[in-house]
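The values are calculated or read from the model by the stated rules, or taken from the named source; none is laboratory data. This is a predicted model, so every value here is computed, not measured. Glycine also receives a Cβ, built like all others from the backbone with ideal geometry; neighbour counts cover every protein chain displayed. In case anyone asks, the SASA skips ligands and DNA or RNA and just uses the protein heavy atoms, side chains included. Shrake-Rupley method; radii C 1.70, N 1.55, O 1.52, S 1.80 Å.
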Amino acid sequence: MTVIDTLIRNATLIDGRGTPPFITDVAVVDGRIHAMGHLPDLEARNVIDARGKILSPGFIDVHTHDDLALIKQPAMLPKICQGVTTVIVGNCGISAAGVRLRGDPPDPMNLLGEAADFKYPSFAAYAQAIEAVRPAVNVAALVGHTALRANHMERFDRPATLPECDAMRDDLNAALEQGALGLSTGLAYRNALQAPKAEVDYLAATLHGVGGIYVSHIRSEDDEIIEAIDEAIDIGHDARVPVIISHLKCAGAGNWGRSEAIIGRIENARQQHPVGCDCYPYAASSTTIDPRIVDESFRIQITWSTPHPEMAGKDLKDIASLWGLSHVDAARRLEPGGAIYHEMNEADVSRILAYPHTMIGSDGLPNDPRPHPRLWGTFPRVLGHYSRDQGLFPLEEAVRKMTGLPAERFGLRDRGQLSVGAWADLVLFDADDIRDCATFEQPTLPPLGIEAVWVNGVLSYSQGKSTEARNGQFIRR
Ligand code: ZN
Ligand code: CU
């Protein structure tokens, strides 16, 4: 007779497909769901009474910069404490897999780590490093366009030449063969901005044959956002691959209220082509310090600065007045560094979150000493604040956006939905208690209401603590 490893009884199950909750037992054997339903006769090594609690698929964080954190802090506490069981790395054009740097990492690759941390010259070497360290969560990876540029270009303020494009494409092809999910770009960043659409087209053309995906931090989230969305969709359409628009937002005060038009644009494009997006549940963004996005009309918090570490945690406005400089000049003096930009409008954030094709992605920055609270709060915030308290969507829809939808979009087989045979990535939470605690003042507070998290059947987080068990897998396309 089969020995049941874990039996979760009387759980209120949310299956990840958007189905309303129902009560069931779930039995886990060898890392996978063995049986579901009313199972009164089964016995198991571990039996959990889940009466009154929600059991759902583990959350998939589709937009992360955990590339190097997975190896340096494999317990992955900021993610596992939120119920995240899978992360997708390599977003925004930057990745650690298959990178051969010749100096310091170019902006914004410096968000991931220092030069010495980039030691995975091939995608396979990175995958092996993940498998050797076995982080607490599963990992799947994109290849970053800016990272490819860094491999083959001495300077980034120009388009790549044809030989450089060929060399980048060879790297991309090798990574795809070794299991990469697809290509990401960060065209808004200064080190990719001069890459014309043709350069990206050339690389993206290689994705179709292997079922890859195109994921883009688009060229502008500000005034030219419509053109930038059109460009991303065109690139995917021309390459005949699905498109994901990263951290969709209306940035900059002059741009508020345009979410309706933007969603209309995406809906329109969806008639011909698969397009989706991800979003984090906050009205502030965070990235490196960039004087081009400094605007005196919204609050900017400095999170780190290499030349002026003493300014971390202060507002740019106060630093500028202390130095007697304009905000832009103060930002220049603080570079390289990181910042939080309070540049969005809540109505746009809510509208984008509620859009049925929006997935949840934290965009958390684990290497930031004073990170944006999205790193520790994103998933409980969507479930607690936006679903339960604001009533923006039902709980099963919130869960679908962080489980079934991303698994389908990124082709993560046997994950994101609860059914017999699927991997037992599970989270047990209290729908009344769940809430994010991380704030802009105290950004690293873990959430409340997550009771237990299993990764490939192994209990990895329980009663507010990591269990020390780490059972994540590297997921190849
Ligand atoms: Zn980005
Ligand atoms: Cu990002």
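A compact table of results
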{"item": "Single residue of Gly179, Gly211, Gly144, Gly186 found to be away from ligand 1 (no atom under 16 Å from the Cβ) and open to solvent by less than 30 Å² (accessible area, probe 1.4 Å)", "result": "Gly179"}
{"item": "Strands (runs of 3 or more DSSP E) contained entirely in the stretch 53-140, each with at least 1 residues that are open to solvent by 10 Å² or more (accessible area, probe 1.4 Å)", "result": "54-57"}
{"item": "The stretch 290-302: number of residues that are in a loop (DSSP other than H, G, I, E, B) and not basic (Lys, Arg)", "result": "6"}
{"item": "So Arg45, is it assigned by TED's automatic domain parsing to the domain that holds Leu13 and surrounded by fewer than 17 Cβ atoms within 10 Å (Cβ to Cβ)", "result": "yes"}
{"item": "Residues that are away from ligand 1 (no atom under 12 Å from the Cβ) and crowded, with 24+ Cβ neighbours inside 10 Å, drawn from the stretch 214-224", "result": "Tyr214"}
{"item": "Unique match (being of a type outside the set (Val, Ile, Thr), at pLDDT 95 or above and open to solvent by less than 30 Å² (accessible area, probe 1.4 Å)) among Ala330, Ala354", "result": "Ala330"}
{"item": "One residue from Gly457, Gly391, Gly421 being at positive phi and free of Cβ contacts under 8 Å to residues at least 12 places away in the same chain", "result": "Gly391"}
{"item": "From Leu77, Leu42, residue being hydrophobic (A, V, I, L, M, F, W, C) and without any contact (Cβ under 8 Å) to a residue 60 or more places away in the chain", "result": "Leu42"}
{"item": "Any pair with Cβ under 6 angstrom, 6 or more apart, that starts in the stretch 278-289 at a residue that is under 16 Å from Val62 (Cβ atoms) and ends at one that is more than 12 Å from ligand 2 (Cβ to nearest atom) and assigned to a strand (DSSP E or B)", "result": "Asp278/Met359; Cys279/Thr358"}
{"item": "Helices (runs of 4 or more DSSP H) fully within the stretch 167-274 counting 2 or more residues that are within 16 Å of ligand 2 (Cβ to nearest atom) and touching a residue at least 12 places away in the same chain (Cβ under 8 Å)", "result": "225-239"}
{"item": "Helices (runs of 4 or more DSSP H) wholly inside the stretch 313-419 that include at least 3 residues being within 16 Å of ligand 2 (Cβ to nearest atom) and under 30 Å from Gly254 (Cβ atoms)", "result": "374-380"}
{"item": "Any hit, the stretch 281-289, residues being of a type in the set (A, V, I, L, M) and assigned to a helix (DSSP H, G or I)", "result": "no"}
{"item": "Of all residues making up the stretch 1-22, the number that are in a strand (DSSP E or B), within 14 Å of Ser419 (Cα to Cα) and open to solvent by 20 Å² or more (accessible area, probe 1.4 Å)", "result": "1"}
{"item": "Output for the stretch 61-93, where each listed residue is within 16 Å of ligand 1 (Cβ to nearest atom) and at positive phi", "result": "Gly90, Cys92, Gly93"}
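Yes or no, residue by residue, for (1) of a type in the set (Gly, Ala, Ser); (2) out of contact with any Asp or Glu (no Cβ under 8 Å at 6 or more places or on another chain):
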| position | (1), (2) |
| --- | --- |
| Gly58 | yes, no |
| His63 | no, no |
| Ala69 | yes, yes |
| Pro78 | no, yes |
| Thr86 | no, no |
| Gly98 | yes, no |
| Gly103 | yes, yes |
| Tyr120 | no, yes |
| Ala124 | yes, yes |
